[in-house]
1. Can you work out the FRET efficiency for the pair A:VAL298 and B:ILE2, with r the C-beta to C-beta distance and R0 = 45 Å, to the nearest 0.05?
2. Send over the Kirkwood Rh of segment B:1-141, from the inverse of the averaged 1/r over different Cα pairs, rounded to one decimal Å.
3. Is the C-alpha gyration tensor of segment B:83-167 telling us rounded, prolate or oblate? Criteria: a/c under 1.5 is rounded; beyond that, a/b larger than b/c is prolate, otherwise oblate.
4. Go through segment A:215-223 residue by residue and turn each phi into a ³J(HN,Hα) via Karplus (6.51, -1.76, 1.60, θ = phi - 60°); whole Hz please, and just put x for glycine and proline.
5. With viscosity set to 1.306 mPa s at 10 °C, what whole-number translational diffusion coefficient in µm²/s follows for chain B from Stokes-Einstein and a Kirkwood radius over Cα pairs?
6. Per the helix-only calculation at 222 nm, which mean residue ellipticity applies to the protein assembly as shown, given -39500 (n - 2.57) for every DSSP H run of n ≥ 4 and division by its residues, nearest 500 deg cm²/dmol?
7. Using protein chains only (no ligands, no nucleic acids) and a 1.4 Å probe, work out which residues of segment B:1-46 have their accessible area cut by at least 30 Å² relative to the chain alone.
8. Out of residues 5 or more away from A:HIS208 or on other chains, whose amide H comes under 5 Å of its own, with H placed 1.01 Å from N in the peptide plane?
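The values are calculated or read from the model by the stated rules, or taken from the named source; none is laboratory data. None of these values were measured; they are calculated from a predicted model. We place every Cβ from the backbone using ideal geometry, glycine too, and count neighbours over all the protein chains shown. Areas reflect the complete protein model, heavy atoms only, side chains present, ligands, DNA and RNA absent. Shrake-Rupley method; radii C 1.70, N 1.55, O 1.52, S 1.80 Å.
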Amino acid sequence: MSNWVLETKALTRKYKEQTAVDAINIHVSKGQIYGLLGRNGAGKTTTLRMIMGLVKPTTGEIEIFGQNIQENAKQIYPRVGSIIEIPGFYENLTANENLEILARLRGIHRRDAVPYALSRVGLDDEPGKLVAQYSLGMKQRLGIAAAIMHEPELLILDEPTNGLDPIGIQEMRNFLLDLCEEKQVTIIISSHILSEIEQLADIIGVIHEGKLLEEITIGELRKRNRRYLEFQVSNQNKAVLLLEEYFNIIDYEVHEKGNIRIYSHLGEEGQLNKVFVENDIEVSKIMMSEDRLEDYFVKLIGGRVSD
Amino acid sequence: MINLLYTEFLKLKRSQMLLISMLGAATAPFVCFIAYLNMKSKKTGVPVLFNEVFSETNLYVVLLTGVTLYGVIATYLFNREYTENTLKNLLTIPVSRISFFMSKLILLLIWILLLTVVAWGLTLIFGLIGQFEGLSLTVLIKAFKEYIVGGIFLFLLTAPTILVTLLFKNYVPSLVFTIAITMVNVLIGNSEYRVLYPWSAVLVIANKDFFPEYLPVYSYISIFTTSLLGFIVAIIHFKKEEIH
């Protein structure tokens, strides 16, 4: 048995000639928030649909809680909650009634399960309101309530912030972080918005054109995207010698066109510049820079990440 | 299954479909009532018999309104899970697809029988209002049996309509399909071939109006084969279908 809460092995889905998901291997540990990041049409939803058993893989395997989903669906899915794309509800019913349907079918006997779930997402103040009168954001929150009502160990959320306003997005983020921290719920969340994933996820899987390009922890990602001080100088060799000699700086990189990136002594650009000038080095540019995470993903997928 | 059935009933709460279907079921009794009133006013002295009115109304229900009305209800029950995007919620619980399918069929049967009783009851009420003659317990029971037989067979024959709904996930093809069935009913309603065409064979069986050229079993075979094939293909399709 593997240690992963969720693992896919060479998961592939083809539609005739088109490969929507191409041999992806996802690894999600217990208590982690895993962000599946990719542009629209990258294969995120198809992947999550396969994980939830709504779409059959062409080849490959999916294991949840160490068990193959095709053979153990009845044991696995009661421990999973999900929102796949826009959550659907019966418009002629109230939120309470919609959740009652799901609670009955899930075999939840706790009477407070529905009110608890509604209160967690802030939908408990208008019990008589029909879902037909709900905004998209409210439906999204109701979807979350439906997904967490049975206290799942694994939560799969496909673009859950779609339709939410900025405050709603922030509330959702805090809610998911709390859920992960308090109840040790493992969460897989997909999005095409990098900033959203960055603020939530412990690990990011970048998916592009059906391929999982990289799985990277947020820590590693940030390490790769450190801030730096960039000088453009007339004599690079002399400049780096001065950096080592005068300031003991060894954390730097020499780039083309006389550029030197210094990853330490940030905020001391004045003193560094003074030493360069005093030693007859012409400084034509000083810049405090930061490789944004977005740039990293743009490089990785060769295009824009967010729309 | 009980939970599934309960939830199917709950889904109908505040739904206007139940009321609309009742109005639909009232059409045939009302139209027949008006027609007989008209006849009564023109042919004074010729009694309008309950037996006749029940039989005529059942003919309209089985051959005309029933096929379309029950087809629309079957389409509503299955199609709304796609249009309201709720199927994925239920199937990821997970709910057995066959149990889910069966619960909808049970609800459909109950619904059709309810409408059948409504049609029968309204025919009786209208007959009393119109002071039609020849009412007796025997007439009532005979008519009730014919209506119920018609309702049950029409329920069985919703299978192809359900299949069309599952294939197209839209009201329009199902509606076109049921209208086409009704048109054929009208076309062959007076010919002997009505014993072979499943939807008109329902009336033949309900009224025991068989033709000597064809064994009664042909009508039963026609209905059961259509129904069974429809249900089998629909269930196989639903079981294998991917939810997008």
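1. Working: r = 55 Å, r/R0 = 1.22.
That gives a FRET efficiency of 0.25.
2. Numbers: mean 1/r = 0.0586 Å⁻¹.
Evaluated on segment B:1-141, it is 17.1 Å.
3. On the way: a/c = 3.47, a/b = 3.04, b/c = 1.14.
It is prolate, given that a/c is not under 1.5 and a/b is the larger ratio.
4. Result, rounded to whole Hz: 10, 9, 6, 4, x, 5, 5, 5, 4.
5. On the way: Rh = 19.0 Å.
Result for D is 84 µm²/s.
6. On the way: 22 runs with 293 residues, N = 551.
Taking each H run of at least 4 residues, the total per residue is -17000 deg cm²/dmol.
7. B:ASN3, B:TYR6, B:THR7, B:LEU10, B:LYS11, B:LYS13, B:ARG14
8. A:LEU213
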